[in-house]
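To keep things clear, I will list the structure first and then write my remarks on it.
The values are calculated or read from the model by the stated rules, or taken from the named source; none is laboratory data. None of the values given here were measured: they were computed from a predicted structure. Here Cβ is always computed from backbone atoms with ideal geometry, including for glycine, and neighbour counts include all displayed protein chains. Heavy atoms of the whole protein, side chains included, go into the accessibility calculation; ligands, DNA and RNA do not. Shrake-Rupley method; radii C 1.70, N 1.55, O 1.52, S 1.80 Å.
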Amino acid sequence: MSVTTPSRPVAVTREREPRPPRAAAATWLIPLGYLAVSVFGVWWIAIDLTALQDGAGDIARLLERMLPPEFGSLSELVTLVLETLWIALAGTGVATVVSLPLAAAASRNFTGPRSVQWLVRGIIVVTRAVPSLVFAIVFVRIFGLGPFAGALAIAFHSVGMIAKMMADVFEELTPAPREAIGAVGASRFQNFTATTLPRSLPAISSLVLYRLDINIRASAVLGLVGAGGIGVALQTAIGSLNYQQAAGIIVVIGLLLLALELVSFLVQRAVAEHAQDGVTSELYRRTADPIRPGWNRARLLRTGGALIAAGALLYALTQVSFDPSRLGRSWQAAVDLVTGFFPPVIDSAVLTGIFESVVMALTATTVGVVIGLVIAILSTGHVVRFAPLSFALRVLVVLMRSVPDVIYALVFVAALGLGPFAGFLALSISCTALAAKFFTDALQGVDPGPLRALEATGASRLQVFVSGVWPRFVPSLIGNSLFTSDLALRESAVLGIVGAGGIGFVLQESVASLDYGTTAGVLICLVVVVVALEAVARWARTRVI
Amino acid sequence: MNVPGGDAADVGSRAQASLRLDGVGMSFGAKEVLAGIDLEVSPGQFVALVGPSGAGKSTLLRLLNGSHRPTVGTVSVLGTDPTKCSRRELQRLRTRIGFVFQQFGLVGRLSAMENVLMGALGSLRLPRYGVSSYPQDLRRRAAGNLERVGLIDARFQRCDTLSGGQQQRVAIARTLMQDAEIVLADEPVASLDPSSSLSVLETLRRLSAEDGFTVVCSLHQVDLALAISDRIVAVRDGSLVLDTATSQTNESQIRSIYQRNGPAT
Ligand SMILES: Nc1ncnc2c1ncn2[C@@H]1O[C@H](COP(=O)(O)OP(=O)(O)O)[C@@H](O)[C@H]1O
Ligand SMILES: [Mg+2]
């Protein structure tokens, strides 16, 4: 109504006015915070130029010992690569199925008991915070060596990740259809399958595929703690100091992840196209009998896709299945573990470990963000337009991403010895690759219209970048930096498993020596720190974006 | 205030009212949205609820299907007080009340047939997914209902590829699956262009006459209300300001209630 409209713009301006000063403060405070932690980190980790120089020499010598890579038995490698895939597939599939009801209960739309909702939210927060490699250490203890523990570890961590994202998807849906079906007297469960599920399906398939991609990466290193997959061979090779063999396996893992990069790009594109509204209007073929839905391309694709997904999941499950003869022993181990959790022990070793993990993660984030930013700027053509350089940088980023950071850490530990320095270097590489990828995407996404206008005024490329691109890039720079440190923290918590500093070492030792009270202490600290950093990041993001 | 409109004979012939409100008031926090509402609607009547935006029409309709509870007064729908129902009982009561929304409330990615079938969920126990998961007899009824709203050929079409008027017809066919005794419609044609507005309302009117269900339909276009209803109830600022048989009123009388100092009948 015409009477009410004038009040709107007023409300908007009133809301907007106090914003810029706050945004500006956060824009400076967050980088300053990272910088402060990093200065401390450089001292704590004892990073200095001579260490870097000596380190470079040591790494070069190790790399020499790794050449030429040896591949050993090819059929064994293929079997292990497939096992890696089955672990990821089974874990992701189970997590997806379990996540559906959890996400429904965790989402704001849930109308059931509050207590259920808070319990489910708790489960999601905790499983999200604990990396799959940490779950794997615990599950190997309970279920023994092999892919079952690995798949379970993947599933546990993914439940938190997938359920969180699914709940977000559910909350974004418009309430109209849900209200309409509620009004016909349908139960909550019926309403969920009728209105919420079909509307979320495109978003769910794409987030599950994204998670599957991440999980295949994670599964490649689960073998380092004995939880199956290609990492087992790597562990064996390193353990027996057979560096050429190790190099061969790293190459295989790299190729696997490169192939994955390509496949997931193609699949994401296909899903996005399929999900686009209005692509198909007839969902079934009409037949002479009005109540009999016939087969057309759209129905074949839907049904075929669902059958392939279900078939792949079932097959993967058979490949990672649990050996029932171990049931008794596993039960006993689980009981020991859970009773051993009490009382949790949080001593100085645990606190130092978790502190070191945080320092490593944040320092590496700073390094990664700075180098990643340079790479992104050089490869997007805003400032420098030299196609071969931009191509080379993109290839470099893809290659960096194709080796998991635990493997970088493994190599650095072998070259430089135990300690956080190796972990810091490994994390710096993976943070650089991540940040470069995020920033490149963000810089490419900057709307070119205003830039053209600036160019037309005769501004130089650098001027266009500084006044046209940069201001709009800053929110995503900060958001993605926070996200990078979020990922880095989880990674830095597991690097200790290969001796590269941080809490992972304490965790692994505690499980190996049956000191489960300390295990519980580590898990508690880990969850608290990850959740706290996430909260800080979320708060900071609202200030900037 | 007038005695409830409609033929006296009709009121007399059917013992029980479809719905009645006695002294109903409703507040959201400190904000009073409805006050002193008395309303009785007899079976088969087509009532148009008119009034300016913010008058309380939607709130009134949501009271009738138990989505809101009144702050004071009593509500009786099909002889039941929805505020006294347990969740299951309310679910059962709602299977007998159709509701048509301005925004249709369809699942755009699914076929018209499946959206219509959802209207029968209240009579089924398990959840369903996909047209083939519904029993044959329901599918046959769904096809029949699509036929009645003129959309049988679009049965397997994605709902979001249909026009607004067609989508609202699908939503109406969905309420037909309930075999509802009452259909409540909240601004069902507010998002449609004038010609499809009239034809959607005419369809609703025809179906109501054929099946004998009661309709309470909120509208903000007075001309449509006059063209389609048996009885017009006007709301302003949360109170009933006019309640009359459609044949006994005209456009200018109703228009005047939109204005502050208009005659409160
Ligand atoms: N959930 C709610 N909470 C608070 N106020 C509400 C709510 N729903 C409606 N109102 C208020 O009640 C009044 C009547 O609203 P509504 O019944 O939607 O009117 P109408 O449908 O006639 O436009 C409006 O002033 C509206 O702001
Ligand atoms: Mg309304």
Review point. Could you sort A:Thr193, A:Thr79 by accessible area so the largest value comes first, with the probe set to 1.4 Å?
Key: A:Thr79, A:Thr193
Review point. Once you charge only the Cβ atoms, +1 for Lys and Arg and -1 for Asp and Glu, what is the size of the charge dipole of segment B:107-179 about its Cα centre, to the nearest 20 debye?
Key: 120
Point to revise | Structure-based [θ]222 nm, chain A - -39500 (n - 2.57) summed over DSSP H runs of at least 4, per residue, nearest 500 | key: -26000 deg cm²/dmol
Review point. Of A:Leu80, A:Ala306, A:Ser281, which is farthest along the charge dipole of segment A:68-335 in the positive direction, counting Lys and Arg as +1 and Asp and Glu as -1 at C-beta?
Key: A:Ser281
Check your understanding: What percent of all Cα-Cα pairs in segment A:474-543 falls in each 5 Å bin, counting up from 0?
Key -> 4, 17, 21, 20, 14, 11, 8, 5, 2, 0
Check your understanding: How much accessible surface does A:Phe483 have with a 1.4 Å probe, in Å² rounded to 10?
Key -> 70
Practice item. Report the net charge of residues surrounding A:Ile503, where surrounding means a beta-carbon distance below 13 angstrom and charges are Lys +1, Arg +1, Asp -1, Glu -1. Key: -3
Revision key, fill the gap. Nearest-0.05 FRET efficiency for A:Leu209 and A:Ala392 at R0 = 30 Å, using Cβ-Cβ distance, is 0.55
Check your understanding: Residue farthest toward the positive end of the dipole of the protein assembly as shown, with Cβ of Lys/Arg at +1 and Asp/Glu at -1: which of B:Ala35, A:Val263, A:Leu173?
Key -> B:Ala35
Exercise for review: In a Gaussian network model over chain B where Cα atoms closer than 10 Å are linked, find which of B:Pro43, B:Pro70, B:Pro135 has the largest mean-square fluctuation.
Suggested key: B:Pro135
Point to revise | Angstrom value of the Kirkwood radius, inverse mean 1/r, which spans all Cα pairs in segment B:107-179 | key: 11.8
Exercise for review: Just need log10 I(q)/I(0) for segment A:68-335 at q = 0.09 Å⁻¹, Debye formula, equal scatterers on the alpha-carbon atoms, no solvent, rounded to two decimals.
Suggested key: -0.51
**Study point:** Neighbourhood net charge (11 Å Cβ-Cβ; Lys/Arg +1, Asp/Glu -1) for B:Val24
**Key:** 0
Review point. With all pairs of different alpha carbon atoms counted, what Kirkwood hydrodynamic radius in Å does chain B show?
Key: 18.9
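Given charges of +1 on the Cβ of Lys and Arg and -1 on the Cβ of Asp and Glu, with all other atoms neutral, how large is the dipole of segment A:97-256 about its Cα centre, in debye to the nearest 20?
280
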Review point. To the nearest 10 square angstrom, how much accessible area does A:Tyr315 have with a 1.4 angstrom probe?
Key: 110
Study note, to complete from the structure: The extension gain from A:Val78 to A:Gln332, computed as 0.36 nm times the residue separation minus the Cα-Cα distance, is 88.0 nm
Review point. Over segment A:68-335, what is the relative contact order in whole percent, taking alpha-carbon pairs under 8 Å and six or more residues apart?
Key: 28
Check your understanding: Which of the DSSP-defined H helices in chain B satisfy a minimum axial length of 30 Å, computed from C-alpha atoms, and a minimum mean Kyte-Doolittle hydropathy of -1.0?
Key -> none
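Compare A:Arg286, B:Arg155 by solvent-accessible area with a 1.4 Å probe and give them largest first, with all protein chains kept in place.
Sorted descending by solvent-accessible area, the residues read A:Arg286, B:Arg155.
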Review point. So what is the relative contact order for segment A:73-193, in percent, with contacts set as C-alpha pairs under 8 Å and at least six apart?
Key: 33
Exercise for review: Select from B:Ala234, B:Ala154, B:Ala142 the residue whose mean-square fluctuation is largest in a Gaussian network model of chain B (Cα-Cα springs shorter than 10 Å).
Suggested key: B:Ala154
Review point. Heavy-atom accessible area of A:Phe265 with all protein chains present, probe 1.4 Å, nearest 10 Å²?
Key: 120
Review point. When only Cα pairs under 8 Å and 6 or more residues apart are kept, what is the percent relative contact order across chain A?
Key: 20
Review point. With Rg and the Kirkwood Rh both taken from Cα atoms, where does Rg over Rh land for chain A?
Key: 0.99
Revision key, fill the gap. Of segment A:501-545, those with amide N under 16 Å from the point 7 Å along the Cα→Cβ vector of A:Ala25 are A:539-545
Point to revise | Residue-wise HN-Hα coupling along segment B:243-250, computed from phi with Karplus coefficients 6.51, -1.76, 1.60 (Hz; x: Gly, Pro) | key: 8, 8, 5, 4, 5, 9, 9, 8
Check your understanding: Roughly how crowded by other chains is peptide A:194-205, in terms of the mean Cβ count from those chains within 10 Å of each of its Cβ atoms?
Key -> 3
Exercise for review: Work out from phi, with θ = phi - 60° and the Karplus expression 6.51 cos²θ - 1.76 cosθ + 1.60, the ³J(HN,Hα) of each residue of segment A:235-250, listed in order in whole Hz, and give x for Gly and Pro.
Suggested key: 4, 4, 4, 5, x, 9, 6, 8, 5, 5, 4, 4, 4, x, 5, 4
Check your understanding: Amide H neighbours of B:Val235 under 5 Å, counting only residues 5+ apart in sequence or on other chains, H built in-plane at 1.01 Å?
Key -> B:Val50, B:Gly51, B:Val241
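Shielding of B:86-92 by partners, i.e. mean partner chain Cβ atoms within 10 Å per residue? Display every interim value, and only then the final one.
On the way: counts 0, 3, 2, 0, 2, 7, 1.
Across B:86-92, the average partner-chain Cβ count within 10 Å equals 2.
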Practice item. Would you mind working out the magnitude of the charge dipole of the protein assembly as shown relative to its Cα centre, with +1 at each Lys and Arg C-beta and -1 at each Asp and Glu C-beta, to the nearest 20 Debye? Key: 900
Exercise for review: Go through A:Pro404, A:Ser115, A:Leu416 and say which Cα lies farthest out towards the positive end of the charge dipole of chain A; charges sit on Cβ, +1 for Lys and Arg, -1 for Asp and Glu.
Suggested key: A:Ser115
